[in-house]
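Let me begin by presenting the structure, written as structure tokens, before commenting on it.
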Amino acid sequence: VIWKNGNFTFTIYKHSQQLVNVTGLKSTEEIEQQKKLVEEMFQQKVKKVRIDNVFFSKKDYKNIDMCSLYNDLKENKDYFIDYNIELFAGMYVHVKDKQYPTMIVFRTGSYTIMGGKSIKIVYECELFLNTLIDRYLKS
């Protein structure tokens, strides 16, 4: 069963009818709003909310020293860094701890965080990226 409510898509799969999958959420407030909607619609409490994938993107117009950033991060044992400017403009930052999402940093200071399963960890990654960007900002 699939239905839409504004920008949100609700899906209940035949093989797991106790699960309501909601896509299109953009904030923690929307999670709470849609949780209340589901509770009202089915006249029962939601037992658990699980986040499968957070995609977060920030656009900026700075000028980052990507070579210095790469040289410093590639020596760090906590990260795997993939940066080949001929293939892709962004630098992939893979945290070796699998609970953390993949991050992509661009020369402009823009970045993308994808694959997060926790809002708290995504906020932590955002703080980490903002610190890196400030540290490697060209004057």
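The values are calculated or read from the model by the stated rules, or taken from the named source; none is laboratory data. Nothing here was measured: the structure is a model prediction, and the numbers come from that model. Quick reminder, even Gly has a Cβ in these numbers, built from the backbone with ideal geometry, and neighbours come from all protein chains shown. Areas reflect the complete protein model, heavy atoms only, side chains present, ligands, DNA and RNA absent. Shrake-Rupley method; radii C 1.70, N 1.55, O 1.52, S 1.80 Å.
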Would you be able to say whether some residue in segment 10-27 is assigned to a helix (DSSP H, G or I) and loosely packed, with under 14 Cβ neighbours inside 10 Å?
no
Quick check: is even one residue across segment 102-119 without any contact (Cβ under 8 Å) to a residue 12 or more places away in the chain and either touching a His at 6+ places or on another chain (Cβ under 6 Å) or surrounded by fewer than 16 Cβ atoms within 10 Å (Cβ to Cβ) (or both)?
no
When you scan segment 63-70, do you find a residue that is out of contact with any Gly (no Cβ under 9 Å at 6 or more places or on another chain), within 18 Å of Ile133 (Cα to Cα) and among the aromatic types (Phe, Trp, Tyr), even just one?
yes
All positions within segment 28-63 that are β-branched (Val, Ile, Thr) and in a loop (DSSP other than H, G, I, E, B):
Val46, Val49, Ile51
Among (1) closer than 16 Å to Asp65 by Cα; (2) of a type in the set (D, E, K, R); (3) assigned to a loop (DSSP other than H, G, I, E, B), which single condition is Asp134 missing?
(3)
Please give the number of the condition Asn63 fails out of (1) farther than 26 Å from Phe10 by Cα; (2) surrounded by fewer than 12 Cβ atoms within 10 Å (Cβ to Cβ); (3) touching a strand residue (DSSP E or B) at 6+ places or on another chain (Cβ under 8 Å).
(2)
When you check Lys96 against the structure, is it farther than 12 Å from Leu69 by Cα, within 10 Å of the chain's Cα centre (by Cα), of a type in the set (D, E, K, R) and open to solvent by 50 Å² or more (accessible area, probe 1.4 Å), yes or no?
no
Which listed residue is at pLDDT 95 or above, closer than 29 Å to Thr23 by Cβ and exposed (fewer than 14 other Cβ atoms within 10 Å of the Cβ), from Leu137, Leu127, Leu87:
Leu127
Please indicate, with yes or no, whether at least one residue in segment 49-59 is out of contact with any Lys or Arg (no Cβ under 9 Å at 6 or more places or on another chain), farther than 30 Å from Ile2 by Cβ and open to solvent by less than 90 Å² (accessible area, probe 1.4 Å).
yes
Looking at segment 68-79, is at least one residue aliphatic (A, V, I, L, M) and over 20 Å from Glu29 (Cα atoms)?
yes
